[in-house]
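To keep things clear, I will list the structure first and then write my remarks on it.
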Amino acid sequence: MSIQVAIDGPAGAGKSSVSKAVAAKLGFIYIDTGALYRTVALHAIRNGVSTSDVAVAELMKSADIKICYDDDGTQRIILNGEDVSEKIRTPKVSMGASDVAKIPRVRAGLLDLQRNLAKGANAVMDGRDIGTSILPDAAIKIFLTASVDARAKRRFDEYRQKGEPADLEAIKADIKKRDEQDMNRETAPLRQAEDAVLIDTSDMSFSQVVERIKSMIEKIL
Ligand code: DC
């Protein structure tokens, strides 16, 4: 029987790096669902359609989105044959992803793709609605969060490490706006599933968070 782990939480809580590390340690696949919304947003921006326009749902039909993996387990995302894994990591696409994620038909259009990716596999899947909507029967559900200040500081450090310009206050404002949008949309808003374990990572190190989740999974292996 395969084991599915759902990790949800707000932007910048460390979901993707933690999920990826946990998956690698246990030999599970890692599925980053935010990348799907980001790719839809990139497709809209490239085609001159506003990311808030419901027309994005129609436009999505011309987007063939596929996921594949590097040898080290890094997820790559392919849009109409082009690897867009890096191009979806800009602030503009981040906000656009949060916009398109509000459109019910966009969410519906990505539902089967997400379920099929996890089907029959030992998988760690991260997102906003994995425990509540995509994988309601996941064996383990985690809601990973941290204070706005801690999340903004981590994003700031990430940009600095990549040598990209960063403004802490602007990052904080972006995170707050995305939280607001992600938590208050009508379809599948970001919220903790009733059976999810809450982990606040504000004062935890990366490896502490990874170990905590890994040991939860090992108990049911
Ligand atoms: O995890 P991320 O920052 O890459 O996600 C980008 C946006 O996509 C996020 O602001 C909300 C949306 N999203 C979603 O609505 N549901 C998911 N399962 C994953 C992401």
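Just so you know, all these numbers are worked out from the coordinates, no wet-lab data involved. Small disclaimer: the values here were computed from a predicted structure and weren't measured. Positions of Cβ are backbone-derived with ideal geometry, glycine not excepted, and every protein chain shown enters the neighbour counts.
When Lys and Arg each count +1 and Asp and Glu each count -1, what net charge do the other residues less than 13 Å away from Ile45, Cβ to Cβ, add up to?
Neighbourhood net charge equals +2.
What number, in nm² with one decimal, is the all-direction average of the projected area of the convex hull of the alpha-carbon atoms of the chain?
Hull-based average projected area comes out at 11.6 nm².
Please find the FRET efficiency linking Glu82 to Ser215, where r is the Cβ-Cβ separation and R0 is fixed at 41 Å, and quote it to the nearest 0.05.
0.55
State the extension gain, in nm to one decimal, for the chain segment bounded by Asp112 and Asp200, taking 0.36 nm per residue of separation less the distance between their alpha-carbons. Working shown, then result.
On the way: separation 88, 0.36 × 88 = 31.68 nm, distance 3.02 nm.
Here the segment from Asp112 to Asp200 would lengthen by 28.7 nm.
Dividing the convex hull volume of the alpha carbon atoms of region 90-218 by its residue count, what do you get in Å³ per residue?
126 Å³
Kirkwood hydrodynamic radius, region 1-127, all distinct C-alpha pairs: what's the number in Å?
Radius from the Kirkwood sum: 14.9 Å.
Which whole-Hz ³J(HN,Hα) couplings does region 54-59 yield from phi under the Karplus relation 6.51 cos²θ - 1.76 cosθ + 1.60, θ = phi - 60°, glycine and proline marked x?
4, 4, 4, 4, 5, 4
Residue by residue through region 199-206, which ³J(HN,Hα) values in whole Hz follow from phi under the Karplus form 6.51 cos²θ - 1.76 cosθ + 1.60 (θ = phi - 60°), with glycine and proline marked x?
10, 8, 9, 3, 10, 10, 7, 3
Any idea how far the Cα center of region 173-197 sits from the one of region 93-162, in Å?
Here the two parts' Cα centres lie 10 Å apart.
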